[in-house]
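A quick write-up on the structure given underneath.
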Amino acid sequence: MMSKISTDKEEYLNKVNEIDFGSEAPKEIEGTDFFTVAKERRSVRHYDSSYQMDDAEINELLEIAIQAPSSSNLQPWRFLVIKNQETKEKLLPIANNQQQVVDASVVIAVLGDLEAYKNADRIYNELVEKGMMTQEIKDFYVGSIIKNYGSFPTEVATKVAMIDGGLVSMQLMLAAKAKGLDTVPMGGFDQEKFVEAFNVPENFKPVMLISVGKGVKAGFEKVRLSLDEVVTWDKF
């Protein structure tokens, strides 16, 4: 039964490859203002496999990504950068054979650290050193964080990590678009096999995989529900 489910999921995820995207390449944006970047970002699944990003480019995107907000500023995001072609080939079957895994320049696995609260003292101590917080307030904050976050059930800690992981992931994809690159977020992968294959620490929970590279075919035209269908003012 499990094999049948896996096969169905792979077929579902790869059915998109049967769609005729035509020959249109992803749009080259003329400006990098936020509204243009947000509007023009698409989920791109067809990449130039010969295009390679260097480590400096990848780090630049990640530096912007980690400017995202997080619960109590604990920054639980962790990243596994999968750049080596053989390693991407290793990931391919785990990610249901989605071709962008091997064609994109890099796949970034976004993970959430359930024990990020253990960094609270170091994080808040920097605020004390910068004169933005007194030692007394810092000690109170850190004590409260360790007490509360440290007692979260796994499902609650995971939820917090997933929310923060989603925030940093979106920031990463927007940063990539601003640099003329394309991305696609992927939740369709076997998390248990991923954790095992890549020796992921027990306290790190997979959030998503993000392919990053130079797209050769544009993603779907954006189809969105109207604001009237998704927005309610003041009360339901």
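Every number in this text was worked out from the coordinates using simple rules, so none of it is lab data. Please read these numbers as outputs of a predicted model, since none were measured by experiment. Using ideal geometry, Cβ is built from the backbone for each residue, glycine included, and neighbour counts are taken over all protein chains shown.
Going by how many other beta carbons lie within 10 Å of each one, how would you line up Lys214, Lys83, Lys177, fewest first? Intermediate values should be presented prior to the final figure.
Working: Lys214 20, Lys83 17, Lys177 23.
Fewest to most other Cβ atoms nearby, the residues stand as Lys83, Lys214, Lys177.
From the helices alone, meaning DSSP H stretches of at least four residues, give me the mean residue ellipticity at 222 nm for the chain, per-run term -39500 (n - 2.57), in deg cm²/dmol to the nearest 500.
Details: 10 runs with 103 residues, N = 236.
The helix contribution divided over the chain gives -13000 deg cm²/dmol.
Is the range 63-126 rounded, prolate or oblate when judged by the Cα gyration tensor, a ≥ b ≥ c being the square roots of its eigenvalues, rounded requiring a/c under 1.5 and prolate requiring a/b larger than b/c? Write out the running numbers ahead of the final one.
Values: a/c = 3.30, a/b = 2.71, b/c = 1.22.
Here the range 63-126 falls in the prolate category.
Would you be so kind as to identify all helices of the chain, as entire DSSP H runs, whose Cα atoms reach 27 Å or more along the helix's own axis and whose mean Kyte-Doolittle hydropathy is at least 1.0?
Result, helices passing both filters: zero.
Quick one: work out Rg over Rh on the C-alpha atoms of the range 174-236, Rh as Kirkwood radius. It would help to have the intermediate numbers written out before the result.
On the way: Rg = 17.5 Å, Rh = 15.5 Å.
Answer for the range 174-236: 1.13.
How do Phe35, Phe140, Phe236, Phe79 line up, fewest other C-beta atoms within 10 Å first? Working shown, then result.
Working: Phe35 8, Phe140 13, Phe236 4, Phe79 18.
The order, fewest Cβ neighbours first, is Phe236, Phe35, Phe140, Phe79.
Which entries of Lys179/Lys217; Lys83/Lys214; Lys27/Lys88; Lys27/Lys222; Lys27/Lys205; Lys90/Lys118 have Cα-Cα distances beyond 23 Å here? Intermediate values should be presented prior to the final figure.
On the way: Lys179/Lys217 17 Å; Lys83/Lys214 14 Å; Lys27/Lys88 26 Å; Lys27/Lys222 13 Å; Lys27/Lys205 34 Å; Lys90/Lys118 32 Å.
Beyond 23 Å between Cα atoms: Lys27/Lys88; Lys27/Lys205; Lys90/Lys118.
Take Tyr141, Tyr47 and order them by how many other Cβ atoms sit within 10 Å, fewest up front.
Details: Tyr141 18, Tyr47 26.
Ascending Cβ contact count within 10 Å gives the list Tyr141, Tyr47.
Under a point-charge model restricted to the Cβ atoms of Lys and Arg (+1) and Asp and Glu (-1), what is the dipole moment magnitude of the chain relative to its Cα centre, in debye to the nearest 20? Before the final figure, lay out each step's value.
On the way: 27 positive and 37 negative charges, 59 e Å.
Rounded to the nearest 20 debye, it is 280 debye.
State the Cα centre-to-centre distance between the range 70-107 and the range 203-233 in whole Å.
Centre-to-centre distance over Cα atoms comes out at 17 Å.
Dividing the convex hull volume of the Cα atoms of the range 62-193 by its residue count, what figure in Å³ per residue is obtained? Display every interim value, and only then the final one.
On the way: hull volume 15.3 nm³, N = 132.
Output value, Cα hull per residue: 116 Å³.
Suppose a student asked you for the relative contact order of the chain, using Cα pairs under 8 Å spaced at least 6 residues apart; what percent would you report? Please list the in-between numbers first.
Numbers: 340 pairs, mean separation 82.4, N = 236.
Computed over the chain, the figure is 35 percent.
Rounded to two decimals, what ratio of Rg to Rh does the chain give with C-alpha atoms and a Kirkwood Rh?
Numbers: Rg = 19.9 Å, Rh = 19.7 Å.
Result for the chain is an Rg/Rh of 1.01.
Sort 126-137, 183-194, 52-63 by the packing proxy (mean of other Cβ within 10 Å over each peptide's residues), most packed first.
On the way: 126-137: 11.4, 183-194: 17.3, 52-63: 14.2.
The packing order, highest mean first, is 183-194, 52-63, 126-137.
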